[in-house]
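This report concerns only the one structure given below.
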Amino acid sequence: MNIVLLGPPGGGKGTQAKILVEERGMVQLSTGDMLRAAKTSGTAMGNKVAAVMDAGELVTDGIVIDLIAEQLDKNSGGEFIFDGFPRTLAQADALDALLTSKGTHLDHVIEMQVDDKALVNRITARSTCGSCGEGYNEISKPIPANGSCSKCGNTDFQRRADDNEHSFRIRLMAYYKETSPLIGYYHAKNLLSSVDGLAEIKQVKESILNVLS
Ligand code: AMP
């Protein structure tokens with residue numbers, strides 16, 4: 001089964017994708033994570049996209065489509081969760097073509113519905129463990145009182161360069177302008193389901209599992 005998690009920045013796509021990886025053995029393909037890894041390791045592509053990402057704008061379609069194509073080859077036979085991809089209609093068409101060329105297709109597109117007002121608070125409150133990548137949020141899932149990651153015990157936490165209010169506003173605008181047309185696109189393909197992304201993490205998970213069952 002292959003699914004897309006669709007939703008605005010801070011909507012909980014990454015959190016739910018990680019749960020599906022753990023519980024169902026699916027493969028998470030997050031273009032944001034791939035781009036951040038390229039940026040951190042200082043590859044030519046990483047250097048090229050760094051400023052665009054920090055500003056909250058979208059990188060060009062060709063770059064992310066190539067990243068996804070590479071990962072589909074590497075993880076051939078896997079069940080994929082597309083997290084943060086596609087973000088434009090051109091990317092959606094490319095994904096369709098890539099999956100078709102592998103003899104497979106998308107089964108579900110899950111839109112995580114959230115209220116904009118909650119997003120900026122969510123995003124400026126979040127951090128990740130610098131070692132295992134476990135996500136935390138000062139509001140919904142604080143770092144344990146002893147200051148150590150509950151998963152790996154590490155005490156170093158990181159915040160994303162684009163998790164600030166200014167970049168967030170630009171990311172939200174990019175979502176409405178470029179990505180939200182995908183809701184209609186996938187609805188027309190009869191693939192779209194929507195869940196309440198502002199519910200408790202466990203409840204969102206249950207709603208997603210309901211769609212997949
Ligand atoms: P994310 O971690 O999904 O919020 O992505 C972080 C940033 O990476 C975005 O604000 C964009 O600059 C870039 N990015 C990630 N995925 C895409 C995509 N599918 N298309 C264009 N830019 C992307």
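The values are calculated or read from the model by the stated rules, or taken from the named source; none is laboratory data. All of these numbers come straight from a predicted model, not from anything done at the bench. Cβ atoms come from the backbone with ideal geometry, glycine included; neighbour counts cover every protein chain shown. When the accessible area is computed, the model is the full protein with side chains, heavy atoms only, and any ligands, DNA or RNA have been set aside. Shrake-Rupley method; radii C 1.70, N 1.55, O 1.52, S 1.80 Å.
Assorted remarks:
- Pairs meeting the criteria (first residue in region 197-212 and more than 11 Å from LYS13 (Cα to Cα), second residue among the small types (Gly, Ala, Ser) and open to solvent by 70 Å² or more (accessible area, probe 1.4 Å), beta carbons under 9 Å, at least 6 apart or on different chains) are GLU200/SER140.
- Region 68-94: number of residues that are more than 10 Å from the ligand (Cβ to nearest atom) and within 14 Å of SER30 (Cα to Cα): 8
- Restricting attention to region 7-58, the residues that are closer than 28 Å to LYS117 by Cα, more than 11 Å from the ligand (Cβ to nearest atom) and in contact (Cβ under 8 Å) with a residue 60 or more places away in the chain total 6.
- Matching option when the condition is more than 27 Å from GLU79 (Cβ to Cβ) and either in contact with a strand residue (DSSP E or B) (Cβ under 6 Å, 6 or more places away or on another chain) or open to solvent by less than 40 Å² (accessible area, probe 1.4 Å) (or both), among ALA55, ALA44, ALA38: ALA55
- Sole exception among (1) within 16 Å of the ligand (Cβ to nearest atom); (2) touching a Cys at 6+ places or on another chain (Cβ under 7 Å) for CYS132, by number: (1)
- Residue identified as open to solvent by less than 30 Å² (accessible area, probe 1.4 Å) and at pLDDT 95 or above among GLY147, GLY153: GLY147
- Output for region 170-213, where each listed residue is surrounded by 13 or more Cβ atoms within 10 Å (Cβ to Cβ), of a type in the set (S, T, N, Q) and out of contact with any helix residue (DSSP H, G or I) (no Cβ under 8 Å at 6 or more places or on another chain): THR179, SER180, SER194, SER207
- The test for being over 13 Å from the mean Cα position of the chain (by Cα), charged (D, E, K, R), open to solvent by 10 Å² or more (accessible area, probe 1.4 Å) and at pLDDT below 95 does not hold for GLU70.
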